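The values are calculated or read from the model by the stated rules, or taken from the named source; none is laboratory data. Every value quoted in this text rests on a predicted model; they were computed, and no experiment measured them. Because the Cβ atoms are built from the backbone with ideal geometry, glycine has one as well, and the counts that use them run over all protein chains shown. Heavy atoms of the whole protein, side chains included, go into the accessibility calculation; ligands, DNA and RNA do not. Shrake-Rupley method; radii C 1.70, N 1.55, O 1.52, S 1.80 Å.
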Amino acid sequence: MVKAYGVFAADKSFQPMDIERRGVGPNDVEIQIAYCGICHSDLHTARNEWGGALYPCVPGHEIVGHVTAVGAQATGFKVGETVGVGCMVDSCLRCEACNAGEEHCCERMFVATYNSPSADAPGGHTLGGYSQRIVVRDRFVLKIRHPEAQLAAVAPLLCAGITTYSPLRHWKVGPGKKVGIVGIGGLGHMGLKLAHAMGAYVVAFTTSENKRQDALDLGANEVVVSRNADEMAKHAGSFDFILDTVAASHNLDAFTALLRRDGTLCLVGAPDHPHPSPNVMILLFGRKSIAGSLIGGIPETQEMLDFCAEHGIVADIEVIPAQDIDVAYDRMARSDVKYRFVIDNASLGAAA
Ligand code: NAP
Ligand code: ZN
């Protein structure tokens, strides 16, 4: 049994709970969790905004910590080592996608770190990183090569980092490319840092006037307040790639209109209500695409962590005790996040 914070229903507050972890199997790694980031997907799930939430719900898929036990066959890890776990804890490991190291595209659906039915989970479904310890199949455990002092700020890389890194790489963002990042929250602020480090010309799109200076500091060359039609019009037909991280339904035409010939608008935000149907005419003229992308595979997640370690990239964070999760969720829902909340898991041991 380990201490955790979770909710018993969509309309309930977070509360302390004791949860059971499975024993350490031959291929497993047991991790004492030091910090866990708070992703907007945690909020969508805990409040059942997407439907299908399983209760009790213990979210958390931006996990960093230290190895406390290693199964006999999990030879790549040793006790005490600093490691991370992202959005997946298992997959079929047999399909074409898994064989290609794209476990996030597993044809039999990967096992998510929380809210996945799983015979391996003592309660019948997985419970995430708002907890003291977790047991994970070795293949889904990542190596952290950042300095230990940055550990809390590394946590958000495990979801926000890979979710922005993967599409930026897939669509070959780099020098000579003009790239837009829409929504400057947890994902968006990582998108700015990563696209900048990859050498692109980066434009931040925000609905929050008060994030203008921050966006420049995070790596944007220009900032556009997307509610301002004149500012938007200046960029018509000029972007190679736009990454849309917005967590709410909105008009996509405003962004497809900014793409140049063969440009792509890639959606990573996952709103609970569909976006209005896009205007096809804008796509036809100039052969433009609307695409989607989900986190990234395990090899690419390790590549992203190593890229960030090499370039000194971490998230901008506010560390909170678990007792403040509800407050953090309410602030995140209002776009008042600068730019990721991270739980100090040592607080789980404290009285509620
Ligand atoms: P977040 O920290 O809350 O940031 C979202 C940002 O979107 C906000 O800070 C805000 O930025 C903007 N925004 C919010 N509501 C808006 C609205 N009504 N209109 C326009 N802009 C709005 O959330 P996050 O953790 O980055 O996650 C973003 C979305 O990505 C969520 O839906 C999440 O579930 C999803 N997600 C997807 C994946 C994947 O694999 N595809 C992975 C993780 C998360 P401004 O203040 O700058 O406007
Ligand atoms: Zn996430």
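Some notes on this structure:
- Counting the residues of the stretch 331-352 that are without any contact (Cβ under 8 Å) to a residue 60 or more places away in the chain and of a type in the set (S, T, N, Q) gives 1.
- Residues being closer than 30 Å to Leu348 by Cα, aliphatic (A, V, I, L, M) and more than 14 Å from the chain's Cα centre (by Cα) - total across the stretch 278-316: 2
- Among the residues making up the stretch 144-167, those that are aliphatic (A, V, I, L, M) and either farther than 20 Å from Glu310 by Cα or within 13 Å of ligand 1 (Cβ to nearest atom) (or both) are Ala155, Leu157, Leu158, Ala160, Ile162.
- Some residue of the stretch 16-34 being in contact with a Gly (Cβ under 7 Å, 6 or more places away or on another chain), farther than 20 Å from Met88 by Cα and touching a residue at least 12 places away in the same chain (Cβ under 8 Å): yes
- Unique residue being surrounded by 14 or more Cβ atoms within 10 Å (Cβ to Cβ) and more than 30 Å from Arg47 (Cβ to Cβ) when the list is His275, His235: His235
- Restricted to the stretch 24-41, and to residues there that are touching an Asp or Glu at 6+ places or on another chain (Cβ under 9 Å) and farther than 17 Å from Ser347 by Cα, the residue that is nearest to ligand 2 (Cβ to nearest atom) is Cys39.
- Sole exception among (1) part of a helix (DSSP H, G or I); (2) over 17 Å from Gly191 (Cα atoms) for Pro271, by number: (1)
- Reported count of residues in the stretch 266-297, each being within 14 Å of ligand 1 (Cβ to nearest atom) and either touching a residue at least 40 places away in the same chain (Cβ under 8 Å) or under 30 Å from Leu142 (Cα atoms) (or both), is 14.
- Per-region count, the stretch 248-263, residues surrounded by fewer than 24 Cβ atoms within 10 Å (Cβ to Cβ) and either within 11 Å of ligand 1 (Cβ to nearest atom) or within 16 Å of Arg227 (Cα to Cα) (or both): 9
- For the criterion of being modelled with pLDDT under 95 and either touching a strand residue (DSSP E or B) at 6+ places or on another chain (Cβ under 8 Å) or under 19 Å from Ser118 (Cβ atoms) (or both), Met17 fails.
- Matching residues in the stretch 206-247 - criterion: being charged (D, E, K, R) and within 19 Å of Lys193 (Cβ to Cβ): Lys211, Arg212, Asp214, Asp217, Glu222, Asp240, Asp244
- Filtering the stretch 176-199 to residues that are closer than 22 Å to Glu231 by Cα and crowded, with 24+ Cβ neighbours inside 10 Å leaves Val179, Gly180, Ile181, Val182, Gly183, Ile184, Gly185, Gly188, His189, Gly191, Leu192, Ala195.
- Of all residues making up the stretch 200-217, the number that are within 11 Å of ligand 1 (Cβ to nearest atom) and either open to solvent by 60 Å² or more (accessible area, probe 1.4 Å) or not acidic (Asp, Glu) (or both): 10
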